[in-house]
Amino acid sequence: MIMKKVLLTLVLLLGALALPATAHAQGITGDVNADGEVNVADVNAAIAVVLTSGGSSLADVNGDGEINIADVNFLIDIILSGSTQPVPDYVDLGLPSGTLWATRNVGASKPEDYGDYFAWGETEPKETYSWATYKWCEGDKWSITKYDPMSYWKYDEIELAPEDDAATVNWGPSWRMPTSGQLQELCDNCSWQWTQRNGVNGKLVTGPNGNTLFLPAAGYRDKSSLTNIDKRGRYWSRTVDYNDESLAFLLSFDSGRGAYCYTITPGRSGGFPVRPVRVQTADEKSLHIGQRSLDLGEVHPGQTRTNELTIVNSTNEDVTLTVAVDEPFLLKQEEGAASSMTIEVPSNSIAPLTVMFTAGSTGDFNGNVTFQSPALDAGQSVIPVHARALAEGFEEHPYVNLGLPSGTLWATCNIGAENPEDYGDYFAWGETVPKDYYGWSTYKWCRGGVNSSGFIKYCTDSLGYNGFTDGKMELDLADDAATVNWGPQWRMPSEVQLQELYDNCSVAWTQRNGVDGVQLTGPNGYKLFLPAAGQRIGVGRQYSGLSGILWSRTLHGEGTNNAVNLSFYSDDLYLYIDKRCYGFTIRPVRAQQ
């Protein structure tokens, strides 16, 4: 009875307010009584539904699946603002970066609405989505006029400017389209469940802190057609493909497991929905550590393993913090290593900090990296760090004899993996540590830039057009990720060894502990599982769960740019070549004695 009295008093007070007669057009969220207008009568109708615990689903104004006093408050906000759509809301999923995700698409009035479709870099929906109607080209994908990182003059145009960002233009400066890195973070850190919300198919995304986000399977628009509606979801990032200016990274999912960040046709001219991320206001910005823990993996006696922590300063002020690490770990930033140091992190920036471990004896090593600064919550943040030093025998890495003609013994796990189904680490060809960005500009064996010119090692060009010609066709031991990470008893496989695997094993697409991949069965009946770990290009991971690529140690004989790999998609296994700067997984073989 007390609740009813309070609500009735609210109705009387609202009746005395000077409110706009109609705040929304017909069919827009908030028209609870379905009379074509949104006004105080809808507030009274919403309250009536709350009191009777029944009535129209139109009273779920905030789209959270429940009808209660929160919907009344939300409706009042709509009327008072006079806007044509509800004020956008967001959710904190507990992601490492702290990214806040909008709860609905641009152009949608509730989470399950599809909203509008945009070509990449355009800010308004349209009737036809094609290269002929695309804003940033001259009629086809070969004539891109803006955001072309392959061009010498435009190499830094890899993300949309705010004026070309559909989230910023439509929702205001507090919103941006996500980067490819933010999409990948969503894929890597959340659980994904195919479900329905108010009869609409989509994915329920559950973050590390248990909060959820619903992404409807809105399909996409190609020319004038709407494709894969209610079957697939694809959402734009604001990041262009670094290796093909006609493409941009997007999030993709269907009824299968997980979600993926990659690029697909029809490319930038296609019409996809946009799910914005929130740009933090000054009083919301903070300093935080990008990781919650750090595992340096396995190290062999006498070897050193490193990994990076990231310090994210989202404030408008430069921050100084002290960092200390427990022995036997060390810290390194630029030159020099120490157990403690002071770090300056400029405003609105990300600072890398390398943690080092040198194996002096075998066993598991655990410690903490402790950050202290008034800008951190409670004044400090502690990150656990772990490394494992292996014995000389290296038998911790099991292998299998498949009965191959050469007698080659194959490891049962990828480098960086603990189990056969783990993806493990990704490496550029000839590099021995994983990294954050995979492209020519960060590739160890060329002079950088936006292409592959100027190789400084592993170059077979007899004319010397592509750099220093050394004629090397196979990796030196010092550049072999298997040898460096697992010891002298291991090598990356040669092209011949990959071909032998292809020629002598049967292949079946299967799952192991819920992970998709292929199972190879050798002539003697023994088996080898290869997970569909996908690939790393730029900052994102692509096609994980759909395909897998394993590097060989062999350079492609007809092209310095490429090296040989073993690729598989479903049960289709084949030898292929790809750019050396891409990040693929590695399955070692035992070195021949």
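No lab work stands behind these numbers, since they all come straight from the coordinates. This structure is a prediction, so every number in the text was calculated from the model and none was measured. In this analysis, Cβ positions are derived from the backbone assuming ideal geometry, glycine residues included, and neighbour counts consider all displayed protein chains.
Amide hydrogen proximity for V299: with H placed 1.01 Å from N in the peptide plane, the residues at 5 or more positions away or on another chain lying under 5 Å are R388, A389, L390.
State which entries of K472/K579; K141/K457; K444/K472 exceed 23 angstrom in Cα-Cα distance in the structure shown.
Values: K472/K579 16 Å; K141/K457 34 Å; K444/K472 16 Å.
K141/K457, as the Cα separations exceed 23 Å there.
Amide H to amide H distances under 5 Å link W175 with V279, where only residues 5 or more positions off or on other chains count and H is placed in the peptide plane.
How high is the FRET efficiency from E334 to T370, r the C-beta distance, R0 22 Å, rounded to 0.05?
On the way: r = 21 Å, r/R0 = 0.93.
Once rounded, the FRET efficiency stands at 0.60.
Shown in residue order for segment 336-348 are the 3J(HN,Hα) couplings computed by the Karplus curve 6.51 cos²θ - 1.76 cosθ + 1.60 at θ = phi - 60°: x, 10, 7, 7, 8, 6, 9, 10, 9, 10, x, 4, 6 Hz (x for Gly and Pro). Residue separation of K472 and T212 scaled by 0.36 nm, minus their Cα-Cα distance, works out to 88.4 nm of gained length.
Applying 1/(1 + (r/R0)^6) with r as the Cβ-Cβ distance of N419 and L204 and R0 = 35 angstrom yields a FRET efficiency of 0.85. Our coupling estimate for segment 157-163, obtained by passing each phi through the Karplus curve with A = 6.51, B = -1.76, C = 1.60 and θ = phi - 60°, is 8, 10, 9, 5, 6, x, 6 Hz, Gly and Pro reported as x. 3J(HN,Hα) along segment 569-576: 9, 6, 9, 8, 10, 7, 8, 8 Hz, from the Karplus curve 6.51 cos²θ - 1.76 cosθ + 1.60 with θ = phi - 60°, whole Hz, x for Gly and Pro. If R0 is taken as 45 Å, the Cβ-Cβ distance between I229 and K527 corresponds to a FRET efficiency of 0.65.
Tell me, S269, S109 in order of fewest to most beta-carbon neighbours within 10 Å? Could you put the intermediate results ahead of the total?
Values: S269 25, S109 20.
So the ranking, lowest neighbour count to highest, is S109, S269.
Pairs from the list K146/K332; K126/K231; K135/K231 with a Cα-Cα gap above 31 Å: K146/K332. Quick check on segment 482-593: take the gyration tensor over C-alpha atoms, sort the square-rooted eigenvalues as a ≥ b ≥ c, and tell me if it's rounded (a/c under 1.5), prolate or oblate. Cα axes put segment 482-593 in the rounded bin.
When a/c reaches 1.5 or more, the comparison of a/b and b/c decides; with that in mind, is segment 89-185 rounded, prolate or oblate per its Cα gyration tensor? It comes out oblate by the Cα gyration axes. Remark on R238: its backbone amide H falls under 5 Å from those of T179, S180, a criterion applied only to residues 5 or more positions apart or on other chains, H modelled at 1.01 Å from N.
Could you sort 207-220, 338-351 so that the peptide with the highest average Cβ count within 10 Å comes first and the rest follow in order?
Values: 207-220: 19.1, 338-351: 13.5.
Most protected by this proxy first, the peptides run 207-220, 338-351.
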